[in-house]
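Below: the structure, in structure tokens.
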Amino acid sequence: MYRGWEGKIFSIGASVGLLEFMPSSHVQIKQLFADADRACYTAKALGRNQVFVHVGHEEPTAISSQRVHDWGKLLKDAIREDRFILFIQPIVPLHSGHLERFRQYEVLLRLPFRQALLNPGSFLPMADRLDLMTGIDRWIIRKALDALVECCGGRSGQGRVKTRLMINLSAQSVQDAGFFEYVEQQIKRVDVDPGMICFEISESVAISNFVHAKRVMNALHGLGCHLVLDDFGSGFSSLNYLRELPLSYLKIDGNFVHNLVSNPVDAAMVKAVHEVGRVMNLLTIAELVEDAETLQGLRQIGVDFAQGYYCGRPVPLAQLRQYTQESTDVAAA
């Protein structure tokens, strides 16, 4: 959830650890606090935004192992049985010069669970811990390509304006030796224009796995796909490596964007990232755009695209055909 305080917006999550015990003369307060503390850390280790209950004298590690097993089964079943649901969020142009090229959307993952839709932060940390991220990434790619062919006709699609889907890649996929071959096979399977796909790799993943990231990004670029460095600005050490990556976009870290209007330092950071992109002939995308003032500030700086609830909320990927036919563009208004 998001909450505002002193003109700033913060993303808030919670990991809750609960302890069940029976009052007794043998109960030691110090031990109770220690058990409660372990329960909190267990909830956090299970993927954050979790509730973990330590019952009686059971060892937290034993219960944790059971929860890990349950999550593993849930996620594996979701991959095998197509239980995940994909959403898309528009990435809107801020200047008229970009209107005639592509309509772009980021692909977002959701997991139905107990009559609710879980956001990625609720289950992807556990998927990463269980080494399931490559399987999830491949599932997303396959489903996204199928949707492009169904809604846009692949290479044979008619119309002057094409659709481009932006898909996030995990660190596990970046390091997977067979990942590029899988992408190449899937693109050939559906005969889609590779330029309709853009892969997002976060700055932290690119830096910490630079050799692998450079190899897979060069291969994807050679195939005709586009690439974006996500959350750019969170670690400026990447400036030394930026020129070696075949990028099309820089996505500006939303931590700077959502305080653009109220914080001159954040505004200067957004401007600096955009200037780096402009000098290197890269397009810039600002995320977490939540109001008209921020959108106008980004236009004044010269940022190319914007993404956030003010520009458009996520909708199911199944609505892609209808969504791409809409003529009203928030940013062009």
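Read-outs throughout are calculated quantities, based only on the coordinates presented, and are distinct from any laboratory measurement. Just so you know, these numbers come straight off a predicted model, no measurement behind them. Positions of Cβ are generated from backbone atoms using ideal geometry, with glycine treated the same way; all protein chains shown enter the neighbour counts.
Excluding Q172 itself, calculate the net charge of residues whose Cβ lies under 12 Å from the Cβ of Q172, where each Lys or Arg counts +1 and each Asp or Glu counts -1.
That sum, taken over residues with Cβ under 12 Å, equals -2.
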Anisotropy class of the range 84-325 from Cα gyration tensor, a/c 1.5 cut: rounded
query: By how many nm would the segment from R83 to H95 grow when fully extended, if each residue of separation counts as 0.36 nm and the alpha-carbon distance is taken off?
result: 0.5 nm
- request: Looking at the range 84-325, send over the antiparallel percent of its DSSP beta bridges, to the nearest 5.
  value: 40 percent
message: In whole Hz and in residue order, list the ³J(HN,Hα) couplings for the range 168-177 that follow from phi through the Karplus curve 6.51 cos²θ - 1.76 cosθ + 1.60, θ = phi - 60°; x for Gly and Pro.
response: 6, 10, 7, 4, 5, 5, 4, 8, 7, 5
message: Within a 10 angstrom radius of the beta carbon, how do L32, L282 rank from fewest other beta carbons to most?
response: L32, L282
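Which order results if C311, C225, C40 are arranged by neighbouring Cβ count within 10 Å, fewest first?
C40, C311, C225
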query: Using 7 Å Cα-to-Cβ label points, what is the D191/D131 separation (nm, one decimal)?
result: 3.8 nm
L74 versus Q296: modelled label distance in nm, points set 7 Å from Cα along the beta carbon direction: 4.4 nm
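Neighbouring Cβ atoms within 10 Å as the yardstick, rank H274, H258, H95 fewest first.
Least crowded to most crowded, the residues run H95, H274, H258.
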